[in-house]
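Contents: one structure, followed by commentary.
Only the coordinates and a few stated rules stand behind these numbers; no lab work does. Everything numeric here is computed off the predicted structure, so don't read it as measured data. Positions of Cβ are generated from backbone atoms using ideal geometry, with glycine treated the same way; all protein chains shown enter the neighbour counts.
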Amino acid sequence: MKTIIEPFRIKSVEPLRYTTREERERLLVAAGYNLFLIEAKDILIDLLTDSGTSAMSTEQWAALMRGDESYAGSESFFRMKRVVDELTGFRHMIPTHQGRAAERILFTVMCRPGHVVPNNTHFDTTRANIEFTGARAVDLPIPEAADTQARLDFKGNMDVEALERLIQETGAEHIPLAMLTVTNNSGGGQPVSMANIEAVRLVTSRYGIPFYLDACRFAENAWFIRQREPGYASWTPKQIAQKMFSLADGCTFSAKKDAFANIGGFLSTNDDRLAVQETNLLILTEGFPTYGGLAGRDLEAIAVGLQEVLEPAYLNYRIISTGYLGRHIADHGVPIVEPPGGHAIYIDAARMLPHIPRAQFPGQALAVELYRHAGIRAVEIGSVMFGDQARHELLRLAIPRRVYTQSHIDYVVEAILEVNARKEEIRGLEIAEEPPFLRHFSARFRPVSSVGQDASPAADVPGGPVR
Ligand code: F0G
């Protein structure tokens, strides 16, 4: 059979609410053209994130009722711990309310001013939590990752030579840990090969540097390894994941991604001394070590989700359906980060909208137009989010797990192709108001021409913007 169907049927539904174009235009003005400031009820298809937005299974909902809400020694904790131990093999597992809480605890314990933490590409909360300790977060993606059009099997890999150079220049004693993010979210949701994980293990071992995985999307990464890396075709996703974890000294994990949970996470380590310090910090801000800021029922949902996510039929559907969105828009001329990643498709907005200069936020302009046209919400990953540090001007369409069907995705494809057909009409934006940090969450924008002056260098581009 050629058609890959959703490997589940639907028992409980949430109605979607339609809005008119006029309503959306009013909502955009009221929200200062920032889609984070639009209420979810006014969104038709929400591709803002794949985090915490999964549909839970009947088994997960059933498990919630087993939640043991005891403050200390909850049965639910031990059920989750058994699943995590079998999967990761790490000596210690500390539950946290989400991934960034695990990051904060790990970096508070390990990092000091003057330290450097390398990663293939740090996610923004990871970078922020490292920088908050006074340490420096360094991204070392392979050079090919800079070209959004390059089609590599493992474009999320770390540049291992650059890692070794960094260690020699910085001194191993100033590098408290090295990390690999699987899959590489900020690098386009691209996978990391087992060979690359092994190479990073080898280099970090040689210099005595602890090596951690940011394992949010470990199962999607395992599936890519099974499909693309020689030698793994007959392995189960679980065996591949177990091998990935066995190469590391610990991990941070957000259960909001590959555990189908709406909240939760954990921090793992093999280091007994660190585990004591981490547990003490956990008690200070998250909670007792057998619940770590979560309800017992959340621990149950994670335990079940971690097993379901490794089902081959699920992972096959997941990766193929993300690729389906990517191929259907890319084959009709919309430039995406190639090849399609695991959890999201990233449109290269700078390439799609060359008439909008970076200073006028092509990714944000595209996000606004897609909402205005079709009620779809996606997120800019570019100069709005990262300022001068932005490497690309992207629009991320993240796909919640088990939530949308193929016809929802067909609607998204149609909407993007319609916007693409008249892309010359899309205008840039400028910032009207912005907060001092993480401005993408609350900045307000206005269309460039609405202030009655056009400072746009795009006016010089032949066939430039239609106003
Ligand atoms: N690491 C990676 C690679 C992530 O993608 C995220 C979250 C985190 C850490 C932090 O986990 O949200 O549970 O605190 N990514 C979400 C996203 C928010 O939309 O990509 P968290």
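Relative to the Cα centre, the charge distribution of segment 213-308, modelled as +1 at Lys and Arg Cβ and -1 at Asp and Glu Cβ, gives a dipole magnitude of about 340 debye. Taking 28 Å as the straight-line reach from the Cα of Lys81, the lysines in range (excluding those fewer than 8 positions away in the same chain) are Lys238, Lys243, Lys256, Lys257.
Using the alpha-carbon atoms, what tilt in degrees (0 to 90, nearest 10) does helix 194-206 show relative to the longest principal axis of the chain? That helix lies at roughly 60 degrees to the long axis. For a straight C-alpha distance cut-off of 21 angstrom, no lysines are reachable from Lys11 once same-chain residues fewer than eight places away are disregarded. Only one residue of Pro118, Ser193, Ala301 has its Cα farthest out toward the positive end of the dipole of segment 58-308, where Lys and Arg carry +1 and Asp and Glu -1 on Cβ, and that residue is Ala301.
Convex hull of alpha carbon positions in the chain: directionally averaged projected area 22.5 nm². Counting only alpha carbon atoms, the long axis of helix 75-88 and the longest principal axis of the chain meet at about 80°.
Cα centroid separation, segment 24-57 to segment 262-341: 22 Å.
Averaging the sequence gap over all C-alpha pairs within less than 8 Å and six or more residues apart, then dividing by the number of residues, gives the chain a relative contact order of 22 percent. By the helix-only formula, in which each DSSP H run with n ≥ 4 contributes -39500 (n - 2.57) and the sum is divided by residues, the chain has a 222 nm mean residue ellipticity of -11500 deg cm²/dmol.
With contacts taken as Cα pairs under 8 Å at a separation of at least 6 residues, segment 58-308 carries a relative contact order of 32 percent.
Footprinting exposure proxy ranking of Asp159, Asp258, Asp153, fewest other C-beta atoms within 10 angstrom first, gives Asp153, Asp159, Asp258. How high is the relative contact order of segment 119-250, in percent, counting Cα pairs under 8 Å that sit 6 or more residues apart? Normalised by residue count, the contact order of segment 119-250 is 23 percent. Basic side chains Lys and Arg get +1 at the Cβ, acidic Asp and Glu get -1 at the Cβ, and with that the dipole of segment 58-308 about its Cα centre reaches some 140 debye.
About its Cα centre, the chain has a charge dipole of approximately 520 debye under the convention of +1 per Lys or Arg Cβ and -1 per Asp or Glu Cβ, with nothing else charged.
Relative to the longest principal axis of the Cα atoms of the chain, the long axis of helix 99-110 makes an angle of roughly 60 degrees.
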